[in-house]
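Asks: Starting off with a structure, shown below.
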Amino acid sequence: STEKSLGEYKDKLSEEQVSTVKDKLDALRDAMTQDNPDKDSLKEKLDKAREASMIIGQAIYEKQQQQQQQQQQQQAQTQSLTQAQSPTPTPTPTQRQERQEQ
């Protein structure tokens, strides 16, 4: 699962994060292939592999937050430009008359 996530989201991770995740997964894989693995060592490696999975999740979340902030800034800029560029419409004669009657 973590390996699959790494493959899918590798482009959203820094090189350091990718290296850390791979190292933790390799350590777990090595511990699992030993003839008589130490239970505590195996548990420790499994915990580190879980940490690797969290690194991926955190990186994805941070990227999404950055993208949302950029989109919001772009929308705000677009709105302010649109409002600044649109002149106040001149009322039609009918609208002027309606205002006077009110």
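Asks: Please report, for the Cα atoms of region 16-102, the Rg to one decimal and the Dmax as a whole number; what are they, in angstrom?
Replies: Rg then Dmax for region 16-102, in Å: 30.1, 95.
Asks: Checking the table 22/63; 10/63; 4/39 against a 22 Å threshold on Cα-Cα, which pairs fail?
Replies: Pairs exceeding the cut-off: 4/39.
Asks: Just to check I understand the Karplus step: with θ = phi - 60° and J = 6.51 cos²θ - 1.76 cosθ + 1.60, what whole-Hz values come out for region 21-33, glycine and proline as x?
Replies: Values, residue by residue: 4, 4, 4, 5, 5, 5, 4, 5, 4, 4, 5, 6, 8 Hz.
Asks: Also: Each label point is 7 Å from the Cα along the Cα-to-Cβ direction; what then is the distance between the points at residue 14 and residue 63, in nm?
Replies: Rounded to a tenth, the inter-label distance reads 1.5 nm.
Read-outs: derived from the displayed coordinates by stated rules, not from any lab. Keep in mind that what you see is a predicted model, and the values were worked out from it rather than measured. Note that each Cβ is placed from the backbone with ideal geometry, even for glycine, and that neighbours are counted across all protein chains shown.
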